[in-house]
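Chemist: Quick one: the structure is below, and I'll ask about it shortly.
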Amino acid sequence: MSSKSTSGNETEVWRQKIVQLLEESASVKAAIIQSQVNEIEEMVRLITTTFRQGGKVVLFGNGGSAADAQHIVCELVERELAGAG
């Protein structure tokens, strides 16, 4: 991080950009709730049922999606091992 201070105008520009990005993110999430929640619920049901019945669940991705897939797998395993499924 640079030790240079930013001007008040520069700070306001960054603040506006941050607010814009957060509002866009919230808008996308609200749209997903309205249009995709049933599909997501069904996917969760299928994955957890398969996992609990001893079946194989394969999740994968590329880049950030790979990290998401790894995170989901870790959550499933951790919850099942802890008996909190």
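Chemist: At 7 Å along Cα-to-Cβ for each site, give me the label-to-label distance between ILE32 and SER65 in nm.
Modeler: 1.4 nm
Chemist: Return one number: the angle in degrees, 0 to 90 and rounded to the nearest 10, between the long axis of the Cα atoms of helix 8-52 and the longest principal axis of the Cα atoms of the chain.
Modeler: That helix lies at roughly 0 degrees to the long axis.
Chemist: Give me Rg/Rg_expected for the chain, where Rg uses Cα atoms only and Rg_expected = 2.2 N^0.38 Å with N residues.
Modeler: That ratio works out to 1.67.
Chemist: Using θ = phi - 60° and the Karplus curve 6.51 cos²θ - 1.76 cosθ + 1.60, what whole-Hz ³J(HN,Hα) does each residue of the range 53-63 get, with Gly and Pro shown as x?
Modeler: Here the 3J(HN,Hα) series is 8, x, x, 9, 10, 10, 10, 8, x, 10, x Hz.
Chemist: Would you mind checking the tilt of helix 64-82 against the longest principal axis of the Cα atoms of the chain, expressed as 0 to 90 degrees and rounded to 10?
Modeler: 50 degrees
Chemist: To continue, here is another question. Treating only the Cβ of Lys, Arg, Asp and Glu as charged (+1, +1, -1, -1), what charge dipole size does the chain show about its Cα centre? Round to the nearest 20 debye.
Modeler: 160 debye
Every number here is computed from the coordinates shown, using simple stated rules; none is lab data. Computed from a predicted structure; not experimentally measured. Heads up, the Cβs are rebuilt from the backbone with ideal geometry, glycines too, and the neighbour counts pull from every protein chain shown.
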